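*Asks:* Just passing along the structure, written as C-alpha cells.
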Amino acid sequence: MISPFLYFPGDRLSSAELSAARLDGDVVELGEAYIPADAVETMALRAGSLRGILGETLAATHLSAAWVHGALSEPPARHTVQRAVPWRIHQVIDRRAVYRDPEVGSDDLWRIGGVLVTSPQRTLADLARVPDDEYAEAARLLSDASPGLALEAAAWFDQRSPVPHKRTAVAFLHGLAARATQDDVTR
C-alpha cells in the first residue's frame with residue numbers, strides 16, 4: 001500500500017504545486033518524494049519514496065538500503081538498485097540509480113513501504129564488500145544501530161556460494177562486532 005503521506009510530482013500535485021508547498025514550509029523532500037513537514041520520517045516512508053525508481057522488479061541495496069534502514073541521515077546521490085526477479089530486466093533503468101544485475105534472492109528481501117529492500121544482514125554484508133570509506137562508515141553506522149548485526153552479516157556469507165570480496169568483508173564484520181563488544185565493556 002502506498003502511503004498517503006508521500007507526494008510524488010505529477011501524482012496528486014504537480015511539480016509546481018509541490019515546489020510552492022515546499023517554499024511555504026508545508027512539505028519537505030524525502031528521497032524522491034515529498035512528505036508533510038510535520039510527518040515523522042519512518043523506514044516505510046523512506047522506502048516508499050523510492051517507488052518511482054524501484055517499481056516491482058528492483059530492490060534497494062547498499063547505501064540506499066542503509067538509508068532506508070535508518071543508518072544514514074541523507075539518501076545517496078544515486079540509489080543502488082538490483083534486480084529482484086529471476087528474469088533479465090529490459091527496461092531503461094533510471095539515471096538516478098546505479099543498477100546491479102545479479103538477482104537478489106527473496107530470502108534477502110524485505111517489503112517496506114510497498115517496495116523491496118535488502119534485509120539489514122544482507123545490506124551490511126553488501127556494504128562490507130565494497131572497499132570504500134563511505135561504505136565502511138555506513139556499515140559502522142548500521143552495525144552500531146543494531147547490536148549483533150555484524151555477526152549475523154558474517155554468518156550470511158557462510159550460507160552462500162562464493163561471493164566476491166568475502167574474506168575481507170568477513171574480517172571487517174568481525175572487527176565491527178569486536179568493536180561493539182569492546183564499547184559495551186567500557187560503558
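*Asks:* Taking the mean number of other Cβ atoms within 10 Å as a proxy for protection, how do you rank 28-37, 124-133 from highest to lowest?
*Replies:* Per-residue Cβ counts within 10 Å, averaged per peptide and sorted highest first, yield 124-133, 28-37.
*Asks:* Another question, then. May I ask for the distance between the Cα centers of segment 1-31 and segment 65-143, given as a whole number of Å?
*Replies:* Rounded to whole Å, the Cα centres lie 24 Å apart.
*Asks:* With the contact rule set at Cα under 8 Å and sequence spacing of 6 or more, what percent relative contact order holds for the chain? Before the final figure, lay out each step's value.
*Replies:* Working: 285 pairs, mean separation 32.3, N = 187.
Answer for the chain is 17 percent.
*Asks:* To the nearest 10 degrees, how steeply does helix 15-24 sit against the main Cα axis of the chain, on a 0 to 90 scale?
*Replies:* Around 80 degrees separate the two axes.
*Asks:* With Cβ to Cβ distances under 12 Å as the rule, what net charge do the other residues near ILE112 carry (K, R +1; D, E -1)? All intermediate terms of the calculation are to be shown ahead of the outcome.
*Replies:* Working: positive: ARG46, ARG51, ARG111; negative: none.
So the environment of ILE112 carries a net charge of +3.
*Asks:* Then there's this: Shape verdict for segment 15-86, please, from the Cα gyration tensor: rounded (a/c under 1.5), prolate (a/b greater than b/c) or oblate. Mind showing how you got there, number by number?
*Replies:* Working: a/c = 2.50, a/b = 1.78, b/c = 1.41.
Prolate, because a/c is 1.5 or more and a/b exceeds b/c.
*Asks:* Could I ask something else about it? In deg cm²/dmol and to the nearest 500, what is the mean residue ellipticity at 222 nm of the chain if only DSSP H runs of at least 4 residues count, each as -39500 (n - 2.57), divided by the residue total? Intermediate values should be presented prior to the final figure.
*Replies:* Numbers: 8 runs with 80 residues, N = 187.
Here the helix-only value at 222 nm equals -12500 deg cm²/dmol.
*Asks:* Kindly sort PHE8, PHE172 by accessible area of their heavy atoms, largest first, with the probe set to 1.4 Å.
*Replies:* Numbers: PHE8 25, PHE172 55 Å².
From most accessible down to least: PHE172, PHE8.
*Asks:* Report the net charge of residues surrounding HIS69, where surrounding means a beta-carbon distance below 15 angstrom and charges are Lys +1, Arg +1, Asp -1, Glu -1. Mind dumping the intermediate values first?
*Replies:* Values: positive: ARG46, ARG111, ARG122, ARG140; negative: GLU41, GLU74, ASP108, ASP126, GLU137, ASP144, GLU152.
So the environment of HIS69 carries a net charge of -3.
*Asks:* Then there is this: Among THR42, THR123, THR80, which one shows the biggest mean-square fluctuation in a GNM of the chain, springs joining Cα atoms closer than 10 Å?
*Replies:* Looking only at THR42, THR123, THR80, the largest GNM fluctuation is found for THR42.
*Asks:* Compute, for TRP87, the solvent-accessible surface of its heavy atoms (probe 1.4 Å) with the complete set of protein chains present, and express it in square angstrom to the nearest 10.
*Replies:* 140 Å²
The values are calculated or read from the model by the stated rules, or taken from the named source; none is laboratory data. In this text the structure is predicted, and so the values were computed from the model without any measurement. Positions of Cβ are backbone-derived with ideal geometry, glycine not excepted, and every protein chain shown enters the neighbour counts. To get the accessible areas, we keep the full protein, side chains included, count just its heavy atoms, and leave off ligands, DNA and RNA. Shrake-Rupley method; radii C 1.70, N 1.55, O 1.52, S 1.80 Å.
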